[in-house]
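Notes follow the structure.
Bear in mind that the values in this text are calculations on the coordinates, not laboratory data. Quick caveat, the model's predicted, so the values are computed rather than measured. With ideal geometry, Cβ positions are generated from the backbone for all residues, glycine too; neighbour counts draw on all protein chains shown.
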Amino acid sequence: MKELVEVIAKALVDKPDEVVVSEKQEGRNLTISLHVAEGDMGKVIGKQGRIAKAIRTVVKAANVNDKQRVDVEID
């Protein structure tokens, strides 16, 4: 999942070198944190959060066979 979020984020931003993705596993919950450059934050979130919602939807769809819950946080 981490790689999926990283590929999507790097395709959206102007500074792909500053994209940092980390995972945190807590029981059956997996939290993926995405950090981008200050100027690229709007490109990852999108108007009214539509791009962020789309990223979360893609990650959840890719995880449909696993028994864990995946959350994506954008820092």
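Some notes on this structure:
- Angle of helix 2-12 to the longest C-alpha principal axis of the chain, folded into 0 to 90 degrees and rounded to 10: 20°.
- Cβ-defined net charge surrounding residue 11, 15 Å radius [Lys, Arg +1; Asp, Glu -1]: -3
- Here the chain is treated with +1 on each Lys and Arg Cβ and -1 on each Asp and Glu Cβ, and its dipole about the Cα centre works out to around 480 debye.
- Helix 50-62 and the longest principal axis of the C-alpha atoms of the chain enclose an angle of approximately 30°.
- Cα centroid separation, the range 1-33 to the range 40-74: 10 Å.
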